[in-house]
1. Of the residues 81, 148, which is at pLDDT below 85 and within 30 Å of residue 232 (Cα to Cα)?
2. Say whether the condition of being within 17 Å of residue 182 (Cβ to Cβ), under 47 Å from the mean Cα position of the chain (by Cα) and of a type in the set (Gly, Ala, Ser) is met by at least one residue in the range 248-257.
3. Output the number of the condition that residue 232 fails; it satisfies all remaining conditions of (1) touching a helix residue (DSSP H, G or I) at 6+ places or on another chain (Cβ under 8 Å); (2) within 20 Å of residue 207 (Cα to Cα).
4. Looking only at the range 233-282, which residues are touching a Pro at 6+ places or on another chain (Cβ under 6 Å) and surrounded by 15 or more Cβ atoms within 10 Å (Cβ to Cβ)?
5. Do you know which residues across the range 103-118 are within 12 Å of the chain's Cα centre (by Cα) and either modelled with pLDDT of 95 or more or of a type in the set (S, T, N, Q) (or both)?
6. What residue, of 168, 143, is hydrophobic (A, V, I, L, M, F, W, C), at pLDDT 80 or above, within 22 Å of residue 211 (Cα to Cα) and exposed (fewer than 12 other Cβ atoms within 10 Å of the Cβ)?
7. Among the numbered conditions (1) within 21 Å of residue 167 (Cβ to Cβ); (2) not in a helix (DSSP H, G or I), tell me where residue 182 comes up short.
8. Could you look through the range 223-259, keep only residues that are in contact (Cβ under 8 Å) with a residue 24 or more places away in the chain and either in a strand (DSSP E or B) or of a type in the set (D, E, K, R) (or both), and pick out the one that is farthest from residue 184 (Cα to Cα)?
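The values are calculated or read from the model by the stated rules, or taken from the named source; none is laboratory data. As the structure is a prediction and not an experimental result, all values here were calculated from the model. Reconstructed Cβ throughout: ideal geometry from the backbone, glycine too, with neighbour counts over all protein chains shown.
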Amino acid sequence: MASPRRIADGPALDPLDAPQDSAPRRGVVKRGVRARLLPSAVALATAATAGALVLTSSSGLPFAAGGASSASATTAPAGQATLFGASSATSAAQVVSQSEEYASAVAESARITAQRAAAEQAAADKAAAEKAAAEKAAAEKKAAAAKAATQKVTTTTTAATASNKKFAPASNYELRGGAVKTYNAVMSNFSGINSVGGYRASSLSNHQLGLAIDFMITPGSESALGWSIAKYLVAHASELNVDHIIFEQKIWTPANPTWRLMEDRGSVTDNHYDHVHVSMKS
């Protein structure tokens, strides 16, 4: 393979050394000047396009990459690397940094949007649940009112039990006021009551006013009947104007609507094991 052509041997002529009587032709660069400018121009072009790598021949003149096999690779001077390489690296780093910042901002925006959407959905779900609960409560209240209306206590003074059994009128027990209504209601809804206690002049309770009633049962064996009567009176306490109910040594009042244990009065009757006692306010 032919060796690359070298610039003519011998010292380059300086333009000042040229004969004064031979003026250069217009547009022609003298050989000495071209010889000094060529290496720098080639080096700059190579560094700009090939990552600051310069190929030179054995004579020191630069060649383009892919030139003669006698060419050797050398790195560009530090100044050239800084001029072309460092500038490109800095620009690339800035682009990467800006891209990362943009991606981070997009991700944060998406997170905030998702968080806001989740909060709005949770609020909507809560409102829907509260509305459903309110509607359910209203429906249950309405149903309870309807059921109570169907169980309204009869106010007739003459009545019969569910078995069409007749019972003595309230006047037989000298009852008055709300006691008459309560007597008729209980006797109309329950059978098996042994006897009834009404007005008693010697009593210190509302019996002496005709506003209290004792529904007598058999202790023990008819305890379930007694509690059925007691619970019925509790359910209709407001309607019957009940003041208090006593059964099996326990008392219930509208002001404190729980069954509370009473003191031991010493006997089955005094402790109300053989009867349900109910007293009306008026």
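1. Among 81, 148, only 148 is at pLDDT below 85 and within 30 Å of residue 232 (Cα to Cα).
2. No, the range 248-257 contains no residue that is within 17 Å of residue 182 (Cβ to Cβ), under 47 Å from the mean Cα position of the chain (by Cα) and of a type in the set (Gly, Ala, Ser).
3. Among (1) touching a helix residue (DSSP H, G or I) at 6+ places or on another chain (Cβ under 8 Å); (2) within 20 Å of residue 207 (Cα to Cα), the lone unmet condition for residue 232 is (2).
4. Passing the criteria: 237, 273, 274.
5. Hit for the range 103-118 is 115, nothing else.
6. 168
7. Only one criterion in (1) within 21 Å of residue 167 (Cβ to Cβ); (2) not in a helix (DSSP H, G or I) is unmet by residue 182, namely (2).
8. 248
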